[in-house]
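What follows is a set of notes on a single structure, which appears directly below.
What follows is calculated from the coordinates using simple rules that are stated; it is not laboratory data. These numbers were taken from a predicted model, which means no experiment stands behind them. Heads up, the Cβs are rebuilt from the backbone with ideal geometry, glycines too, and the neighbour counts pull from every protein chain shown.
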Amino acid sequence: MRRRDLLKAVPFLAAPALSTPALAQGQRPLRFIPQANLSVLDPVWTTAIIAYMHSYMVYDTLYGIDDRNELQPQMCAGHEVSADELTWIFSLRDGLVFHDGEKVLARDCVMSVKRWAARDPFGQQMLRITDEIAALDDRRFQIRLKRPFRPMLYGLGARQCFMMPERVARTPATEQIKEAIGSGPFRFLAKEWVSGVSAAYAKFDDYVPRQEKPIYYAGGKVVNFQRVEWIVQPDSATAAAALQKGEVDWVEQPLIDLCPMLRKSPGVEVKVVDPNGYMYFLALNHLHPPFNNPQIRRALLPALNQQGFIESVIGDQTELGNTPTGYFTPSMPMASREGVEILSGKRDLALARKMVAEAGYKGEPTIVLAPSDQPAQQQLSQMARELFESVGLKVDYQVMDWGSLVARRTNQGPPDKGGWAAFASIASGFTASGPGSYPPLRGNGTKGWFGWPTDEKLEVLREAWFDAPTLEAQKEIAGQVQVQALQSVPFLPLGQIFQPAAFRADIKDVVTSSFPVFWGVRRG
């Protein structure tokens, strides 16, 4: 039975309420139900969106991206670039202090940039052509390059390059940090954190926001709540009922099937905050059968029904979905129609089954990981199972919570050693905006994102994209990247969804962003 059919039999208003602890004296906290449990605090060690949400509260960035895809100074007062574009000098603004009372110094930024660059695909590219990253004095540091790197500010301002104290940033990028100390607008209340239950944040009184209006991740991060509480609630009906009753103020991702009802609920507003939406995709494991065989990966394309995948999540709320899509966010400059006809033409199951048979499929189990506490991704996982079975693959469908899936997907072993074959995931519109920022769209094997595709041509094109002298040249290369990706199939693009959020009606001035931020928002 599909989730949508099951919901019709659920007495929604009978859902149990969240427990509400006694509120502290003074202003009511902002109470928020996030999309998933916060299980990892390190935004370098993981690419989980929930970790990025946590990090934008705790940390600050050198630059921030705005709604025009332009980069604005954030922690930096500004920068200088040499005439040959090989030396960048960054200057910090006044008033930057870490939560432990220590002043933010250039050496903190140097070590933070190095740690970030060791794992981030943008940062890795920068490191490859970097001679030195070094502090010049307490307020200035420089990056000296072997050749120009024009998207420098995008990397520092749109790729979650968070500034940490030097002692924390010295933690190897392959290990998780032990404490969440930043210079951002909120302090993480580590003693109150119970993974799987809740997390809490307090306004950092020594944070000095910029004076500009907040737009996406740029501008002034003015905090209007003394305290923000995250409450983990994987049951969608319970989360929606808590919002209706005023027990919580904000549900990040209400079940889309329940949004029409929530729109009619007194005191509740439902709206899409991010016009770029999420790009959904199906990660494929390239290390082991069946998807280590490129012919089998390509065989999925004529059978892949993007519209069916997206409709399984949005139902008849068609304004919340967009298909067909290629590999890049349709609203972003790098979006391309090159090669998309293989995804948009008439679906051909007979051809797909024939291609699988000709590829020499031997009946190996196709382990699909499905998150029990992520309704949209669970639905997409069910669709993936149907897709695989329809082309003749044997499926082993395994359900687990999202935290367990995030841990399981790191396993590079074969199926009988805890490995996997596929799982559904999402990327923000900014992340999927181009070849340089999209971790799954790599061809660097076991050094890459989960699935670990190897595609030398894809890596060469990516390198050329970074070196392209103009936006038009980048667009042309992005089209070539897409054509190559449709040959090697690092993952399956499933389409775009504009996920609504739900709020109490008195929650005002929510900042437009790819995922929730907690500055600017107020109770009105």
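With runs of 4+ DSSP H residues as the only contributors, calculate the mean residue ellipticity of the chain at 222 nm using -39,500 (n - 2.57) per run, divided by the residue total and rounded to the nearest 500.
Per the formula, -8000 deg cm²/dmol.
Would you calculate the separation in nanometres between label points at residue 86 and residue 174, each defined as 7 Å from the Cα along the Cα-to-beta-carbon direction?
The answer from the label model is 3.2 nm.
Can you compute the FRET efficiency between residue 69 and residue 362 using 1/(1 + (r/R0)^6), with r the Cβ-Cβ distance and R0 = 35 Å? Round to the nearest 0.05.
0.15
Under 5 Å between amide hydrogens, which residues at least 5 positions from residue 396 or on another chain qualify, with H placed 1.01 Å from N in the peptide plane?
Distant-sequence amide H within range of residue 396: 366, 367, 368.
Taking segment 103-177, which GluC sites (Glu not before Pro) meet the DSSP loop condition and have no more than 12 other C-beta atoms within 10 Å?
Those satisfying the criteria are 175.
Using a 10 Å cut-off around each Cβ, can you sort 154, 327 from fewest to most neighbouring Cβ atoms?
Working: 154 20, 327 28.
Going from least to most buried by this count: 154, 327.
If you average the alpha carbon positions of segment 377-392 and of segment 159-185, how far apart do those two centres end up, in angstrom?
Comparing the Cα centres of segment 377-392 and segment 159-185, I get a distance of 38 Å.
Computed from these coordinates, which is P(r) over Cα pairs in 20 Å bins from 0, in percent: (i) 15, 32, 25, 17, 9, 1, 0; (ii) 22, 56, 22, 0; (iii) 19, 41, 22, 15, 3, 0?
Identified label for the calculated read-out: (ii).
Show me the trypsin sites (Lys or Arg not before Pro) within segment 250-339 that DSSP assigns to loop and that have at most 12 other Cβ atoms within 10 Å of their Cβ.
Filter output for segment 250-339: 264.
What is the sum of charges, Lys and Arg at +1 and Asp and Glu at -1, for the other residues whose Cβ falls under 11 Å from the Cβ of residue 223?
Local net charge: +4.
With a Förster radius of 30 Å, plug the Cβ-Cβ distance of residue 27 and residue 190 into 1/(1 + (r/R0)^6) and report the FRET value to the nearest 0.05.
Working: r = 22 Å, r/R0 = 0.74.
So the FRET efficiency works out to roughly 0.85.
Taking neighbour counts of Cβ atoms within 10 Å as a proxy for exposure, in what order, fewest first, do 113, 511, 208 appear?
Numbers: 113 25, 511 18, 208 15.
Ordered by Cβ neighbours within 10 Å, fewest first: 208, 511, 113.
What length, rounded to one decimal in nm, is gained on full extension from residue 224 through to residue 342, with 0.36 nm per residue of separation minus their alpha-carbon distance?
37.6 nm
Identify, among 73, 88, 124, the residue whose Cα sits farthest towards the positive end of the charge dipole of segment 63-159, taking +1 on the Cβ of Lys and Arg and -1 on the Cβ of Asp and Glu, with the dipole about the Cα centre.
Farthest towards the positive pole: 124.
Suppose R0 equals 45 Å; then what is the FRET efficiency for residue 390 and residue 261 from their Cβ-Cβ distance, rounded to the nearest 0.05?
Numbers: r = 33 Å, r/R0 = 0.73.
My answer for the efficiency is 0.85.
Just to be sure I understand: of the beta bridges DSSP finds with both ends in the chain, what percent are antiparallel, rounded to 5?
Of those bridges, close to 80 percent are antiparallel.
Among 181, 310, what is the fewest-to-most ranking by other Cβ atoms within 10 Å?
181, 310
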